[in-house]
Amino acid sequence: MPRGSSDIPELRLEVIQKFVESFMKPPDLLLSNLFPEIDAPSSSLKWESQRGGRGMTPFVPPGSPAPQTSPYGIAAHRAEAAYWKEKMPFDEEFLNNLRKEGTHAEYKTATARLAKELAGLVNRSNRRKEWMYAQMLFFGSFTYQIKGGYQATVNYNLPTDHLVTLASAFNWNTGASKNILADIQNGKRKIMEDCGGKVNLAICNSRVLTYLANDATIRAILQKNAFGDGGLYKGNLHNIVGVNPQIIGSLLDIDSFIVYDEMYEIRAWLTAPVVAQVQTWIALDDVSDLVGGETLRFHDYSAGSFEDRRIMSVDYVNARVNITQGLTNSYKAQEDYVTMRKYFVPDDKFVMMSTRVDGNLICEFFRAPFGVGRHWGTYTDKNDEWDPEVTWIRVQDKGLPVLYNRDAIYIIDVVVTTGEALTTTTTTSSSSSTASTMSTTSTA
């Protein structure tokens, strides 16, 4: 019996890579489909961003030298590309089913599993890229690991007057003095004045859409006698699920109004036992993507049961989370695990942008080279082990979204949350953690 996967056509690297490429840019991940990708020469990424625009060439006398000009508010940026990867094992039984001749059913089952698992690996990799776009567009920065286990933070330096947090009286959900139309119009005007771009894209999730759909001013404007056929609602007037966002986009004169409810899931394994009714600090193998205020689900692997608790805070240094109260059941280390599901688009954000300024896209994704063969973009490879016989397939990628026009994005924090803590806190220790922040220099 041949060992490894060298004799299996479906597991040849060129076949796997071609399969993976067919899954690139899934249509349900909208954010990473907004802007193009380009290959960077190295993993140390450099780019320039600017504020302002709409400059105009001055008059000069004939025969005189041309005045020098440069982009307004230019800033030089440098950051190390983010790197992410994951692998999956395929055991001896699976490999043998791909080798067998004359067992069509078993072969088809094995190839179907291969296709499903590879698609899952690729989609997980693409969700990491989508997460980076979401952090850039809705928060203006994010943190990731770099070589040596250090944490790097890329800050896109959005102007402070483009990061608007509404006072409680002006909250879009219950604010007594709320004025949603005015807030949006102010943002559109701010982008136009600062960079000359016209807002052509707005993004929120369905919860924020309900704030717009339930707003008395917007509903009055969109009544049948005031706005076309009253198509704000596809169904019952009070069925918010049936709200047509394009009607609101038309009202706001925004070409593309996207309501985006895609989610991602984070899984982490318990690294220490959890005693029922006692512990509120929980040790995990990786807390880097966990966020305060979200629901953490504890899974008992052997029993097939789970229970939920809210995350009060996250200690990134010591890899642990603080939950609201002790758990009903006990959990085992290395066997039981937790999951957190979260929307890419937060429940409290409304973002507007001009995707082009002076005809140029405001953002691109820099694909950085990695590996001995200098690969760009999603790439797969494999490794065979002899005893027990198993083939590992790995998917990896490297890169970073870059922003060229910092004042082409306007972020409104539409809800001030009260009650239990919703903000992730970090326990710091200068002796055990080092932060590396992207250096940014600016010249007038």
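If I ask for residues that are touching a residue at least 40 places away in the same chain (Cβ under 8 Å) and out of contact with any strand residue (DSSP E or B) (no Cβ under 8 Å at 6 or more places or on another chain), which ones from the range 193-210 would you list?
Scanning the range 193-210 gives Asp194, Lys198, Arg207.
Looking at the range 185-205 only, could you name the residues that are surrounded by 22 or more Cβ atoms within 10 Å (Cβ to Cβ) and under 27 Å from Arg219 (Cα atoms)?
Gly187, Ile191, Val199, Ala202, Ile203, Cys204
State the number of residues belonging to the range 314-339 that are crowded, with 20+ Cβ neighbours inside 10 Å and touching a His at 6+ places or on another chain (Cβ under 9 Å).
3
Output the number of the condition that Phe298 fails; it satisfies all remaining conditions of (1) out of contact with any Asp or Glu (no Cβ under 9 Å at 6 or more places or on another chain); (2) at pLDDT 95 or above.
(1)
Filter the range 328-343 down to the residues that are closer than 17 Å to Gly293 by Cα and aliphatic (A, V, I, L, M), then identify the one that is nearest to the chain's Cα centre (by Cα).
The qualifying residue nearest to the chain's Cα centre (by Cα) is Met340.
How do the pairs read when you match residues in the range 168-183 that are in contact (Cβ under 8 Å) with a residue 24 or more places away in the chain with residues anywhere that are hydrophobic (A, V, I, L, M, F, W, C) and in a loop (DSSP other than H, G, I, E, B), using Cβ under 6 Å and keeping only pairs 6 or more apart or on different chains?
Qualifying pairs under 6 Å: Ser168/Val416; Asn171/Val415; Asn171/Val416; Trp172/Val414; Asn173/Val415; Lys178/Trp172; Ile180/Trp172.
It is to be established whether one or more residues within the range 334-356 are among the small types (Gly, Ala, Ser) and closer than 30 Å to Ile16 by Cβ.
The answer is no; no qualifying residue exists.
Does Phe90 satisfy being surrounded by 13 or more Cβ atoms within 10 Å (Cβ to Cβ), in the same structural domain as Ser49 (by TED's automatic domain parsing), within 19 Å of Ile409 (Cβ to Cβ) and at pLDDT 80 or above?
It is false that Phe90 is surrounded by 13 or more Cβ atoms within 10 Å (Cβ to Cβ), in the same structural domain as Ser49 (by TED's automatic domain parsing), within 19 Å of Ile409 (Cβ to Cβ) and at pLDDT 80 or above.
Of the residues that make up the range 239-250, is at least one at pLDDT below 90, assigned to a loop (DSSP other than H, G, I, E, B) and not hydrophobic (A, V, I, L, M, F, W, C)?
Checked the range 239-250: at least one residue is at pLDDT below 90, assigned to a loop (DSSP other than H, G, I, E, B) and not hydrophobic (A, V, I, L, M, F, W, C).
How many residues does the range 344-397 hold that are farther than 30 Å from Ala202 by Cβ, among the β-branched types (Val, Ile, Thr) and over 19 Å from the mean Cα position of the chain (by Cα)?
5
Here are some residues: Pro36, Pro27. Which one is assigned by TED's automatic domain parsing to the domain that holds Leu98 and at pLDDT below 70?
Among Pro36, Pro27, only Pro27 is assigned by TED's automatic domain parsing to the domain that holds Leu98 and at pLDDT below 70.
Looking only at the range 340-395, how many residues end up being surrounded by fewer than 19 Cβ atoms within 10 Å (Cβ to Cβ), closer than 30 Å to Glu93 by Cβ and of a type in the set (S, T, N, Q)?
Final tally of qualifying residues: 1.
Could you please give the count of residues in the range 314-370 that are of a type in the set (Val, Ile, Thr) and not in a strand (DSSP E or B)?
Counting residues in the range 314-370 that are of a type in the set (Val, Ile, Thr) and not in a strand (DSSP E or B) gives 6.
Being aromatic (Phe, Trp, Tyr) and either at pLDDT below 50 or touching a His at 6+ places or on another chain (Cβ under 6 Å) (or both) is the filter here; which residues of the range 392-440 pass it?
Answer for the range 392-440, where residues must be aromatic (Phe, Trp, Tyr) and either at pLDDT below 50 or touching a His at 6+ places or on another chain (Cβ under 6 Å) (or both): just Tyr410.
Output the number of the condition that Val164 fails; it satisfies all remaining conditions of (1) farther than 30 Å from Ser288 by Cβ; (2) in contact (Cβ under 8 Å) with a residue 60 or more places away in the chain; (3) hydrophobic (A, V, I, L, M, F, W, C).
So Val164 meets the others, but not (1).
Here is a check on your reading of the model: is Arg113 under 17 Å from the mean Cα position of the chain (by Cα) and part of a helix (DSSP H, G or I)?
So Arg113 does not fit the description; no.
The values are calculated or read from the model by the stated rules, or taken from the named source; none is laboratory data. A quick note: this is a predicted structure, and the numbers were derived from the prediction, not measured. Neighbour counts are summed over all protein chains in view; Cβ atoms, including those assigned to glycine, are modelled from backbone coordinates with ideal geometry.
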